[in-house]
1. Take the residues in region 35-55 that are without any contact (Cβ under 8 Å) to a residue 12 or more places away in the chain and farther than 15 Å from Leu16 by Cβ, then tell me which one is surrounded by the fewest Cβ atoms within 10 Å (Cβ to Cβ).
2. Considering only region 351-368, state which residues are among the charged types (D, E, K, R) and surrounded by fewer than 13 Cβ atoms within 10 Å (Cβ to Cβ).
3. If a residue must be under 16 Å from Ile188 (Cβ atoms) and not aromatic (Phe, Trp, Tyr), how many such residues does region 89-138 contain?
4. Would you say Val92 is in contact with a strand residue (DSSP E or B) (Cβ under 6 Å, 6 or more places away or on another chain), modelled with pLDDT of 95 or more and in a loop (DSSP other than H, G, I, E, B)?
5. Within the bounds of region 332-345, is there any residue that is surrounded by 19 or more Cβ atoms within 10 Å (Cβ to Cβ), hydrophobic (A, V, I, L, M, F, W, C) and without any contact (Cβ under 8 Å) to a residue 60 or more places away in the chain?
6. How about region 101-136: which of its residues are in contact (Cβ under 8 Å) with a residue 60 or more places away in the chain and assigned to a loop (DSSP other than H, G, I, E, B)?
7. Can you tell which of Asp283, Asp257, Asp228, Asp287 is touching a residue at least 60 places away in the same chain (Cβ under 8 Å), of a type in the set (Asp, Glu) and farther than 28 Å from Asp166 by Cβ?
Amino acid sequence: MSAKPEVGIGIVGYGLMGRAHAYGYAVAPRVRDLPCAPRLLVISGRDEGAVAQAAGRYGVEEWTTDWREIVERPDVDIVDVCTPPGTHAEIVEAAAAAGKAVLCEKPLAVDYASAAAAAKAAADAGTPNAIGFNYRRLPALALMKQLVDEGHVGEVLLWRAVWLSDEFLDPEIPFDWRFERAMGASSIADLGAHLIDLALWMVGEIAEVAAQSETFTRERSRRTVDVDEASSVLARFAGGARGVFELARVCARRPCDFFVEVNGTAGTLRFDYPSLNELWYGDAHDDATLYGLRRIRAEHPTHPYAADWWPIGQGIGYGTTFVNQAADHLERWPDGPWQPDLAQGARVQLVCDAMERAAAQRRWVTVEEPA
């Protein structure tokens, strides 16, 4: 038997996302029969001691303090970008210019112009590229998309999505890159990017938005905070549906809670992240004695991704999304295409920019306006 060809992986950034992506590559060959073997060659970070330690923990062979070394290495096939959002565009463009395949964490950039430039660079390079909307790879959310496409809710009328956390609640948290829009992006772009992607994926294009935002702690460590801590948005979809988004990082005892719901002429679908192996469905045509929502255990082998994992009842978790993501990409190596691609990342960023403009100017904004 011939050995599978190796694919060299270089990860830029050793924090939570670097760790999650490294885990995804390591486990992907264990859950799916892939045409190639991922090899974690190198990881980068500015702190020499921390990145060296991370390399050892994540199973990465080498480390560096200069991400450009990763881009320039001939044995690196995929550059995986896991740094703060304000650095994404530059790294993506450099990797694309070097002819590398690129996976970039969301959001693609901190503004649409940068996101569009990065997406264009990757498209022009003609190599596989993707944005890290990992929640698409949860069986329950993938099943939700499938059921919407198959007409189980009929014509979509309403979409609602909420993401609540308490990470900014304490006013004594010292200033870091998360509180600087130019580096960490707005909360609309950081948290909202996932929800906007899901909305575009399931419902379709968003035509216009109205929004409000607030920053409750405006100064940390004697530095100005220019990131929204809570935002809410009204949306009109091009197809006629209406939508609501809420994003907040000041909700006490909310660790990382999000939910999405679709209401249509024939039914309702709802997903709650704290119960990520479940999907709720209500059929408007059910017998009246069955009125209400039924719980679907999204673990049956017929459900998306579920057959790769455990028997019904055992469930999966957050890390599974990164394994599924890596497996989907490696399964299509070397030609691709990968989905969602960086063009989708730019598309989402355009919606984010429109939301931010709507909040700042207190008016309805068409999504194409920031372009």
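The values are calculated or read from the model by the stated rules, or taken from the named source; none is laboratory data. No experiment lies behind these values; they were computed from the predicted model shown. When we count neighbours, we look across all protein chains shown, and the Cβ atoms used for this are built from the backbone with ideal geometry, even at glycine.
1. The selected residue is Gly49.
2. Residues satisfying the conditions are Arg362, Arg363, Glu368.
3. So the count comes out to 8.
4. no
5. No, there is no match, as no residue in region 332-345 is surrounded by 19 or more Cβ atoms within 10 Å (Cβ to Cβ), hydrophobic (A, V, I, L, M, F, W, C) and without any contact (Cβ under 8 Å) to a residue 60 or more places away in the chain.
6. Lys106, Pro107, Leu108, Ala109, Val110, Asp111, Thr127, Pro128, Phe133
7. Step by step, each of Asp283, Asp257, Asp228, Asp287 is checked, and only Asp283 is touching a residue at least 60 places away in the same chain (Cβ under 8 Å), of a type in the set (Asp, Glu) and farther than 28 Å from Asp166 by Cβ.
Conditions tested, residue by residue: (1) part of a strand (DSSP E or B); (2) within 27 Å of Asp190 (Cα to Cα); (3) outside the structural domain of Thr127 (by TED's automatic domain parsing).
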site: Ala20; (1), (2), (3): no, yes, no
site: Pro38; (1), (2), (3): yes, no, no
site: Ala52; (1), (2), (3): no, no, no
site: Glu69; (1), (2), (3): no, no, no
